[in-house]
Amino acid sequence: TAVGQFRHYATFGLDATSDRRLGPGALRFWLDGMGGQSFYKAGNDAVGDRKPWFASARALVGYRFGGAEPGELYLEPFGFFAVMDPDADITSDAGTEAALGIACGFWDRGRLTLQAETTHAQRNFPSGLLENQEPDHQSILLQAGARF
């Protein structure tokens, strides 16, 4: 592709979220699904100009103690799971990610999050999508966020 030329890929997605008061806090969840044509091609095995199709899904669930109003102090343990199949025609190429964590701060204003996660990629998962990481690895993340 030269400068000014773009390739287009058909994609679709669906998001669902909920934040419901339950007892002294709130139960939150987020679901996300996405699929479509992919820019990825396995080796030189491309059949004509056919673009492979990918699919991915993610889910997060957490329970927030406090944080009933913006700026109110809160603590929220959460869990996260994601799966991705980069090419529907290739077997054993899925990748998964699972995480447990805890977020705290001032609801909808500022937060600090500590998260432990594990990632697994099957033997045919494209190495180019791993961003120079091992296919199976664990991570601990510390994140801070603020809203102005």
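The values are calculated or read from the model by the stated rules, or taken from the named source; none is laboratory data. Keep in mind that this is a model prediction, so the values were computed, not measured. Every residue, glycine among them, receives a Cβ derived from its backbone with ideal geometry; neighbour counts consider all protein chains shown. Protein only, heavy atoms only, side chains kept; ligands, DNA and RNA dropped before computing areas. Shrake-Rupley method; radii C 1.70, N 1.55, O 1.52, S 1.80 Å.
Given the criteria of a type in the set (A, V, I, L, M), under 30 Å from ILE90 (Cα atoms), modelled with pLDDT of 95 or more and surrounded by 11 or more Cβ atoms within 10 Å (Cβ to Cβ), does LEU60 qualify? Yes, satisfied.
Only one of the numbered conditions (1) in contact with a Pro (Cβ under 6 Å, 6 or more places away or on another chain); (2) open to solvent by 40 Å² or more (accessible area, probe 1.4 Å); (3) modelled with pLDDT under 95 is not met by ALA2, and that is (1).
If we scan the stretch 38-45, do we find a residue that is under 24 Å from LEU14 (Cα atoms), of a type outside the set (S, T, N, Q), modelled with pLDDT under 95 and open to solvent by 80 Å² or more (accessible area, probe 1.4 Å)? The answer is yes, given that some residue of the stretch 38-45 is under 24 Å from LEU14 (Cα atoms), of a type outside the set (S, T, N, Q), modelled with pLDDT under 95 and open to solvent by 80 Å² or more (accessible area, probe 1.4 Å). Residues in the stretch 79-93 that are under 14 Å from the mean Cα position of the chain (by Cα), among the hydrophobic types (A, V, I, L, M, F, W, C) and surrounded by 16 or more Cβ atoms within 10 Å (Cβ to Cβ): 3 in all. Mind checking which pairs have a first residue in the stretch 134-148 that is in contact (Cβ under 8 Å) with a residue 24 or more places away in the chain and under 13 Å from LEU112 (Cβ atoms) and a second that is open to solvent by less than 100 Å² (accessible area, probe 1.4 Å) and of a type in the set (Val, Ile, Thr), Cβ under 9 Å, 6 or more apart or different chains? That search, which allows pairs on different chains as well, returns LEU141/THR113; LEU142/THR113; GLN143/THR113; ALA144/THR113; GLY145/THR113.
Quick one: is ASP136 open to solvent by 60 Å² or more (accessible area, probe 1.4 Å) and in contact with a His (Cβ under 9 Å, 6 or more places away or on another chain)?
Working: open to solvent by 60 Å² or more (accessible area, probe 1.4 Å): yes; in contact with a His (Cβ under 9 Å, 6 or more places away or on another chain): yes.
For ASP136, the condition - open to solvent by 60 Å² or more (accessible area, probe 1.4 Å) and in contact with a His (Cβ under 9 Å, 6 or more places away or on another chain) - is met.
With the requirement that a residue be open to solvent by less than 80 Å² (accessible area, probe 1.4 Å), at pLDDT 95 or above and within 17 Å of the chain's Cα centre (by Cα), what does the stretch 107-133 give you? Before you say what the answer is, go through the steps one by one.
First, pick out the residues of the stretch 107-133 that are open to solvent by less than 80 Å² (accessible area, probe 1.4 Å): 107-108, 110, 113, 115-119, 121-122, 124-126, 128-130.
Going one step further and asking which of them are at pLDDT 95 or above, we end up with 110, 113, 115-118.
Within the stretch 107-133, THR113, GLN115, ALA116, GLU117, THR118 qualify.
Taking the stretch 95-148 and the strands (runs of 3 or more DSSP E) fully enclosed by it, the elements with 2 or more residues that are closer than 21 Å to ALA57 by Cβ and in contact with a helix residue (DSSP H, G or I) (Cβ under 9 Å, 6 or more places away or on another chain) are at 110-121.
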